[in-house]
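Coordinate-derived values only; no laboratory data. None of the values given here were measured: they were computed from a predicted structure. As a convention, Cβ positions derive from the backbone with ideal geometry for all residues, glycine included, and neighbour counts pool all protein chains shown.
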Amino acid sequence: QVQLVESGGGLVQPGGSLRLSCAASGIIFSSYVMRWYRQAPGKQRDLVASITSVGSSNYVDSVKGRFTISRDNAKNTVYLQMNSLKPEDTAVYYCNAYFDIREHWGQGTQVTVSS
């Protein structure tokens with residue numbers, strides 16, 4: 001059974017930092033492209049960042065220079081380090097694993113940026 005379990009969300013003030021984690025089980029983690037999506041209330045779910053099996057990363061323009069995606073294949077875990085957070089970063093953040101035709105989602109973790 002495939003499981004993706006996110007953690008690390010919470011309430012943070014503008015300018016603060018959070019580190020999200022996503023622990024995977026039931027998949028050959030090192031083969032998968034790992035992605036972080038986010039969905040704000042009333043909006044569609046959007047891709048934030050992705051990292052390939054060999055560590056090549058990409059980001060949506062709005063988070064470049066502030067967010068860093070990384071992975072530890074030995075721990076079957078992908079991370080999203082989020083710095084200089086803004087209120088518009090408020091959303092539920094979802095972990096996604098993609099390989100070939102297989103795609104899996106986590107349950108999401110809430111990130112709220114507010115003073």
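Some notes on this structure:
- Listed by chain and number, the lysines whose alpha-carbon sits under 18 Å from that of LYS64, ignoring those within fewer than 8 places in the same chain, are LYS86.
- Evaluating 6.51 cos²θ - 1.76 cosθ + 1.60 at θ = phi - 60° for every residue in the range 55-71, the Karplus couplings come out as x, 7, 10, 9, 9, 6, 4, 5, 10, 4, x, 10, 10, 9, 9, 8, 9 Hz, glycine and proline recorded as x.
- Here the simple spin-label model places points 7 Å from the Cα toward Cβ, and for VAL2 and ARG19 these points are separated by 2.7 nm.
- Integer Hz, Karplus 6.51/-1.76/1.60 couplings in order for the range 4-10, x for Gly and Pro: 10, 10, 8, 8, x, x, x
- Label-to-label distance, nm, for residues given as VAL33 and ALA74 (7 Å Cα→Cβ offset): 2.7
- For the range 75-111 versus the range 1-35, the gap between their alpha-carbon centres in whole angstrom: 5
- Spin-label pair THR112-GLU88: with each label point 7 Å from Cα along the Cα-Cβ axis, the two points sit 2.1 nm from one another.
- Rel. contact order, % - alpha carbon contacts under 8 angstrom, at least six apart, the chain: 36
- Modelled FRET efficiency - R0 22 Å, LEU11 with SER57, Cβ distances, 0.05 increments: 0.25
- Most fluctuating residue given options GLN81, GLN44, GLN13, as computed from a GNM of the chain linking Cα atoms under 10 Å: GLN44
- Shape call, the range 1-90: gyration tensor on alpha carbons, a/c limit 1.5: prolate
- Extension gain (nm, one decimal) between TYR98 and ARG45, 0.36 nm per residue minus Cα-Cα: 17.5 nm
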